[in-house]
1. Give me the log10 of I(q) over I(0) for the chain at q = 0.12, 0.14 Å⁻¹, as the Debye formula computes it from C-alpha points; what are the numbers?
2. Assuming a ≥ b ≥ c are the square roots of the Cα gyration tensor eigenvalues, decide whether region 202-292 counts as rounded (a/c under 1.5), prolate (otherwise, with a/b larger than b/c) or oblate.
3. Taking the 0 to 90 degree range and rounding to the nearest ten, how far is the long axis of helix 269-295 tilted relative to the main principal axis of the chain, both from C-alpha atoms?
4. Taking the Cβ of Arg28 as the centre, find all other residues whose Cβ is under 14 Å away and add up their charges (Lys, Arg: +1; Asp, Glu: -1).
5. Looking at the chain, send over the antiparallel percent of its DSSP beta bridges, to the nearest 5.
6. Just to be sure I follow the definition: excluding the sites themselves, where is the longest run in the chain that has none of the chymotrypsin sites (Phe, Trp or Tyr not before Pro) in a DSSP loop with at most 14 other Cβ atoms within 10 Å?
7. If you filter region 199-293 for GluC sites (Glu not before Pro), then keep DSSP loop positions with at most 14 other Cβ within 10 Å, what is left?
8. Rounded to the nearest 500, what is the 222 nm mean residue ellipticity of the chain from helices alone, with -39500 (n - 2.57) per DSSP H run of 4+ residues and division by all residues?
Amino acid sequence: MQRIFSGIQPSGVPHLGNYLGAVRNWVRLQQDHDCIYCVVDLHAITVWQDPKELANQTRGLAAALLACGIDPKASLLFHQSAVYAHLRLAWIFNCVARMGWLNRMTQFKEKAGKERENVSTGLFTYPNLMAADILAYHATRVPVGDDQRQHLELANDIAQKFNHDYGAEFFPAIEPMILGPAARVMSLRDGSKKMSKSDASGQSVINLNDDADTIALKIRRAKTDPEPLPSEPAGLEGRPEARNLVGIYAALTDTDHAAVLREHGGKGFGAFKQVLADLLVAHLSPIAAETQRLLADSATLDGILHDGARKAEAIAEPIVAEAERLVGFLKV
Ligand code: TYM
């Protein structure tokens, strides 16, 4: 069985992009893969997180993942700071990855922007930790949204250079799994920007804990153009906002852009937004309710994370110990 690893940052409430681009696929992959899912709190502190909130955000995200259908009997679910193997391998990878490779990371350039001299060094070396997350388990498949593609290419470069430098075929190649018609969900206010937790306009993001009225309002106010929906995908060319809403609808109904347009082509956005909002509410309301239910029992939740961390550690420990041996660290 192929081993899957993926992660999500507890840096705020998870949103529709996280759900359709990643988490929903994680749930499905549980059936026929050995899956390890991680709430990556070490990654979250690459930008400032309020220490009074971080632990709650970590719990809240774990609860949301369970509510989406991650099954702790089928998969491992844990938080990153509980398994030191990630840090040990990340340090080795800090010494394998090259400055030039990291300098090319578009996500760093976007996040740092004009603040390049002021952002944390952790934000710069972030992709090395991400490579360590995956390779500490010898995972070979990584289901993510489209925005993580470049980071996974880098992880493969790091694995190859490690194998070459230390003369061992030790780390396997990683295959990104970028699945479905919503692998890049865009902002509801600007079809050229991805939906993101850090977007200042709350109106651009559907959070998994939004209530029915909020979802309906955000969809009603979503930017569109005055034309009706086209009847085939070619008609979405140059209409990023329309393409985004159709992609969300396609993902929720498990079809593709063409099928949605066969059904709804010719309709105005008023009518389409109504059905889309209803569909979103039907999908997300049960998740929000279940998240609240799980959060009310934090002892059970913490037990699941603790158990997941110990099992994760048992897998990662010998792999990272072998990497350290290859590097030449003294083991006494
Ligand atoms: P994060 O926390 O930003 O996002 C979690 C997952 O959601 C996907 N995603 C999206 N998909 C579609 N449309 C969007 N607008 C959208 N926004 C986010 C992301 O692609 C991701 O799959 N670096 C990672 C976390 C990470 C990780 C890992 C992932 C750490 N270590 C190892 C895989 C393997 C991140 O910041 O995801």
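1. Computed log10 I(q)/I(0) values: -0.87, -1.14.
2. The shape class here is prolate.
3. 40
4. For residues surrounding Arg28, the net value is -1.
5. 10
6. 85-328
7. Glu237
8. Calculated mean residue ellipticity at 222 nm is -16500 deg cm²/dmol.
The values are calculated or read from the model by the stated rules, or taken from the named source; none is laboratory data. Just so it is clear, the structure is predicted and the values come from calculations on it, not from any experiment. So basically every Cβ, Gly included, is an ideal-geometry build from the backbone, and we count neighbours across all protein chains shown. The protein model used for the area step is the full one, side chains on, heavy atoms only, and it has no ligands, DNA or RNA in it. Shrake-Rupley method; radii C 1.70, N 1.55, O 1.52, S 1.80 Å.
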